[in-house]
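Okay, structure first, notes after.
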Amino acid sequence: MSKKHEKKNKWSQEVTEHSDALDLEPGVFKLDDPKDIAHSLKRSAEESDRRKSSPFRSAMSMLTFYINRAGAGLTRKQKGVLEKAKNELRKDFGREPK
């Protein structure tokens, strides 16, 4: 693995683990239930006083960021769980799922 690739991996992992906007529950993206992931992200977004946008946008952005950055490293099952968590997050915030 190249140094550039290592640095990129470390950068995205650092963002996920130590976001300036949200204090995430450890292991939130490894949970098996999309509802649990969504509820945790919602809680983190609503409790944050450092986020720059709405709680919904902050939570959805962090979830999407994780999916995009973890990408090929996710199992099909875990990616499916995370994609379902997007709809659960929309429901939690009173928005119609796609």
Original post:
Out of all the residues in the stretch 55-92, which are surrounded by 12 or more Cβ atoms within 10 Å (Cβ to Cβ) and in a loop (DSSP other than H, G, I, E, B)?
Top reply: 74
Original post:
Which number in (1) more than 18 Å from residue 23 (Cβ to Cβ); (2) surrounded by 15 or more Cβ atoms within 10 Å (Cβ to Cβ) marks the one condition that residue 95 misses?
Top reply: (2)
Subject >> Whichever residue in the stretch 25-34 is assigned to a loop (DSSP other than H, G, I, E, B) and either over 15 Å from residue 89 (Cα atoms) or charged (D, E, K, R) (or both) and, among such residues, is modelled with the highest pLDDT >> reply: 33
Original post:
List the pairs whose first member sits in the stretch 37-53 and is farther than 12 Å from residue 91 by Cβ, whose second member is of a type in the set (S, T, N, Q) and in a helix (DSSP H, G or I), and whose Cβ atoms are under 9 Å apart, counting only residues at least 6 apart or on separate chains?
Top reply: 41/58; 44/58; 45/58; 48/58; 51/58; 52/58; 53/61
Original post:
What residue, among those in the stretch 33-54 that are surrounded by fewer than 18 Cβ atoms within 10 Å (Cβ to Cβ) and basic (Lys, Arg), is nearest to the chain's Cα centre (by Cα)?
Top reply: 35
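The values are calculated or read from the model by the stated rules, or taken from the named source; none is laboratory data. Only a predicted model underlies this, so the values are computations on that prediction, with no experimental measurement involved. Neighbour counts are summed over all protein chains in view; Cβ atoms, including those assigned to glycine, are modelled from backbone coordinates with ideal geometry.
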